[in-house]
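Structure first, then comments.
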Amino acid sequence: MQHRVSHSPHQQAAERGPVGPDAEAHLSAELAAMVASARRRASRDGDRQIDTAHLLHTLLESDPKVREAFESGPQVARLLGYLVQRSIGYGLRWQSSVEDSGAVPTVTGDGWSPVAAGVMAAAYERAVRRGDPFADGVDLLAALATEPESRAVEVLGRAGVDVRELLVRLDGVAQRGRDLET
């Protein structure tokens, strides 16, 4: 009897879409700078790969549109508190492991956890769906929030963020951005 492994949309994106350095070619200039910051954070934390918590941390610190998607300033502060704790103890259990959903290879070979690589591809796909060739911070946060196996979703949950409500607010942030462009 064969067992079928179900793939999340982000795992499917990682298998077919641009990931790692290729995905980075499809980022807005601001998001590319944030990814570089996440890479430095991973290195400082002693991690071999950028994972979704590194990406979430950098987005929260750097992107006002991302912060706008959360309920309040205290919620963002709580999230940042959990993420800071990661480097001083909370995330030590993550340090020697690879963020992996079990459905994709455990090593991407390009400095990205498999889940983060899939999320990056999904962020790009979200940008393309809205007619933009470059993913931005809101695209990346939406992709992070929809990956149930990610460390970012674990942190969001620990901080009391309702991921479904966050996704609704992200759609509102994206819509306001489109309205400003027209």
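Leaving ligands, DNA and RNA out of it, work out the accessible area of THR146 with a 1.4 Å probe and give it in Å² to the nearest 10. Taking all protein chains as shown, THR146 has close to 60 Å². Note on surface exposure: ARG151, ARG129, ARG158 rank ARG129, ARG158, ARG151 by accessible area, highest first, 1.4 Å probe. For GLU61, the shell of other residues with beta-carbons less than 10 Å away shows a net charge of +1, using +1 for Lys and Arg and -1 for Asp and Glu.
Ligands, DNA and RNA aside, PHE70 has an accessible area near 10 Å² when probed at 1.4 Å.
Taking 0.36 nm per residue of sequence separation and removing the Cα-Cα distance, the VAL168/ALA77 pair yields an extension gain of 30.7 nm.
The values are calculated or read from the model by the stated rules, or taken from the named source; none is laboratory data. Just so you know, these numbers come straight off a predicted model, no measurement behind them. As a convention, Cβ positions derive from the backbone with ideal geometry for all residues, glycine included, and neighbour counts pool all protein chains shown. Note: accessible area is taken over every heavy atom of the protein model, side chains too, but ligands, DNA and RNA are not part of it. Shrake-Rupley method; radii C 1.70, N 1.55, O 1.52, S 1.80 Å.
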